[in-house]
Amino acid sequence: MDPECARLLPALCAVLADPRQPVADDTCLEKLLDWFKAVTEAGSSLLLLQENPCLVELLFHVLKPQDLSSRILSFALRLAGTFAAQENCFQYLQGDPSLFVASAAGQLLVHVLDLAMRGPAKGHGRLQAQDWPACAQRIVCHLEDCLCSEAAPRVTQALHVLTTAFGHCHGLWTQGLWVQLSPLVARLLEKDPMPAPHALVELLLSVARSSVPSSNPGLWETAAQTLSRLSPMQAGPLAAGILKLQDCPQALRTQAFGVLLRPLACVLEATAQAPGTPGLLEGAAGDPMAVDMLPPSKSACVGLLCSTLAHLELLQPLPQRPSPWPQAPLLAAAVTILRFCNGSAAPSSEVGGRLCAMLVGCVRVQRAALDFLGVLSQGLGPRELVTQVFAVLLEYLMSPDSSPTVLKKAFQATLRWLLSSAVPPGCCDLEPRAQLVLRELLAVLQKRLCSPCWEVRDSGLEFLTQMTRRWGGQAGFRQTLLASEVPKLASQLLQDPESYVRASAVAAAGQLSSQGLLAAPSSPEHPAGPQKTPLEELLLVLTTDSEGFPRRAAMRVFTEWLRDGHMAVAEDRERFMARVLQAASGDLDWEVRVQGLELALIFLQQLLGARSPGAAPPGALAQALRALCRVQLFEFAFRSLFDCDRPVAQKSCDLLLFLRAKAAPSSSPQEAGDSPDVAPVEAALQRWRAGEQGQPLGELAPEAVLAVLRSMDLEALRDTLAESSDHVERSPQSLLQDVLAAVGVLGDNEADCY
């Protein structure tokens, strides 16, 4: 421990233990308790107790007052756990209304139990429960009492404690713990209603991920019984968790997959499917009651469908997903749900009629189904079903009833299906069917870019950018795009009143320009006025837009253009760099300045050949330095070293360190008379360090730049910048001083008022 902290700690303990000394700053106490816990967990607990015996008394004192905030109490409970002090914890576990305190008490019990079992369990296998230390037996007895309680909150707390234990403790004693308590857990399934179903699911999955199943296969039987006892909504998380396990009995996996598929099987059964449409759950859904298992209320039905789709969406990309994966039935179910939501489904039963009434216009289900449909693009499907997929996506994109969020997800799902339709996969060419869809898409996009809703315009521009990046070089796409009004509309949206839309328009214009697809922009108010090049348009955004989002987007485009060798940059790279850096260096948005330094770094790497390790050849270095001086990069970089926004200073430091590494050290010291004049640069650095603006440096000599670079301790500056901005305020010494100063123990000059 720091000597100064050790000197202050006894006084602090006395202050906190004295009820006459109010300490109002809960935040300070939280941080101090957290620091105590970290110190003890680092192995210093014995030394800390020897030096400060009052600390333990303080901890027990902190556990008792009711006027402390629940967050302070939770920290004290965690800290007390490092001393195996479990007194007072049971009462907090049983009845405290604060989730902070209940959680902390549970963690403390697990911590104490783990500490108690580490010694006895070493070299003695699992040990019988009757051989456990008295402390551990007391905790287990308390958990048994809770599991047998008629009060649901007590059962819930016990299940949470056990979940934590099996999730964080890995000793063999956990197997004995499950043997002892699993009968009581299984008995919960017999109660009606079943108490704490969500907590029970979390416990079973925590045990399943531990070492217990290897020695106690009875867990799987309990899981199977739980699946059959829970409602479909409650069983979904357990079923999904089982299917994510690496090792699990096949029969249980089949049962769990059936639980997830059953709601979608009901959806398919409720509509008049075309002949030959593959069914879902022929075996698992054979129960005639399964067709009508969807909840009768709208909120419950919507919740079940959304959670089911979300679980299946997460399962689809996993290697341990069920095999065979019913791709075609799942596609049919997703399309059918979307048709129920837009009113175009053909119900074939009373259940279908109810679904129509409950789902039509339901944005929540639409979003979930579109997300799932997008994920299913990773698999194959029958041609007829894929045609239906594109048809329903176009319906949603064209419908005036589609909400902005639904439209965004429809655009995303459409892009994923277009990507999966490339021939061959990964190629830029689209198959004929997708080419037809593309023509309809551009017609829809043209309409959406004129929407009065800014979110819709924004989503349309994002979709255009992604399509252009992927298929901008494909002849069919280029021809269709140039025949539409889309490029012209995208250019006009650079003047959109909404900054988010302007930012997306900048990204779209940058991508269209890279592919040679950007229409010559013209102002709607002055169609005959002079036309600007794409570079001039985006420079105008960078220098005049009042919002940060469009300016950041412009810098990202310029960076991409420089990296990819865009024609507008290649014509006169130095002039491009000078204009962009001049604008970025004076921007008030720190992200723009950081992006400007990133642009400068790429320029430097291109000049020096970043792929070659070590120092650059002297001739190449001299040429690069002259070019960097001409575009005034060094003034921007040196000034940024002292920027009030730390990311800017860090980026500048990285840039200058890279340059210095590329510059070989001088082979011999220069004569005093030949030394470069570094006084103006050093004077400017002093002014910028002091926060003054000062005059521009003007034209610099490369030799002076190198001399200044070699004289600067950039490594020390980098280390300083890497420290958190509040490292002084958060230091233990500072916190001790603040608390003691608050109650007048320290003199006026001793408090840290950072």
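The values are calculated or read from the model by the stated rules, or taken from the named source; none is laboratory data. In this text, all values refer to a predicted model and were calculated from it rather than measured experimentally. Backbone-built Cβ (ideal geometry, glycine too); neighbour counts: all protein chains shown. We work out accessible area using only protein heavy atoms, side chains counted, and drop any ligands, DNA or RNA first. Shrake-Rupley method; radii C 1.70, N 1.55, O 1.52, S 1.80 Å.
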- Message: My understanding is that a pair violates if its Cα-Cα distance is over 27 Å; which of K298/K409; K409/K651; K408/K488; K298/K447; K408/K532; K409/K532 do that in this structure?
- Response: K409/K651; K298/K447; K408/K532; K409/K532
- Could you run the Karplus curve 6.51 cos²θ - 1.76 cosθ + 1.60 with θ = phi - 60° over segment 391-406 and give me ³J(HN,Hα) per residue in whole Hz, x for Gly and Pro? 5, 6, 5, 5, 4, 5, 5, 8, 5, x, 8, 5, 6, x, 5, 5
- Item | Nearest-0.05 FRET efficiency for A683 and R660, computed from C-beta distance (R0 30 Å) | 0.90
- Query: So how many Å³ per residue does the convex hull of the Cα atoms of segment 161-215 work out to?
  - Reply: 70
- Task: Excluding P322 itself, calculate the net charge of residues whose Cβ lies under 13 Å from the Cβ of P322, where each Lys or Arg counts +1 and each Asp or Glu counts -1.
- Result: +3
- Which sequence of R138, R433 reflects their accessible areas, 1.4 Å probe, from the largest down? R138, R433
- Message: I need the phi-derived Karplus couplings for segment 205-214: 6.51 cos²θ - 1.76 cosθ + 1.60, θ = phi - 60°, integer Hz, Gly and Pro marked x.
- Response: 5, 5, 5, 5, 7, 8, 7, 4, x, 5
- Express the C-alpha Rg of segment 564-618 as a ratio against the empirical globular expectation 2.2 N^0.38 Å, rounded to two decimals. 1.28
- Quantify, in whole percent, the carbon and sulfur part of the accessible surface of segment 409-512 (1.4 Å probe; protein heavy atoms only). 56
- Query: D645 to H198: FRET efficiency via 1/(1 + (r/R0)^6), r the Cβ-Cβ distance, R0 45 Å, to the nearest 0.05?
  - Reply: 0.55
- Report the net charge of residues surrounding E591, where surrounding means a beta-carbon distance below 11 angstrom and charges are Lys +1, Arg +1, Asp -1, Glu -1. +1
- Task: Please give the peptides 165-171, 413-419 ranked by average Cβ packing (other Cβ atoms within 10 Å per residue), highest first, as a rough proxy for protection.
- Result: 413-419, 165-171
- Query: Hey, can you rank 224-236, 172-184 by average C-beta count inside 10 Å, highest first?
  - Reply: 172-184, 224-236
- Item | Label-point gap, in nm, between A615 and D713 - each point 7 angstrom along Cα→Cβ | 2.4
- Item | Most to least packed among 330-342, 564-576, 497-509 [average Cβ atoms within 10 Å] | 330-342, 497-509, 564-576
- Query: In segment 542-644, what percent of the accessible surface is made up of carbon and sulfur (1.4 Å probe, ligands and nucleic acids excluded)?
  - Reply: 50
- Computed FRET value (nearest 0.05) for S215 with A134, which takes r as the C-beta separation and R₀ as 22 Å: 0.30
- Query: Taking amide hydrogens as modeled 1.01 Å from N in the peptide plane, which residues meet the under 5 Å criterion relative to T271, leaving out close sequence neighbours?
  - Reply: S348
- For S149 and L436, compute 0.36 nm times the residue count separating them, minus their Cα-Cα distance, and round to one decimal in nm. 96.8 nm
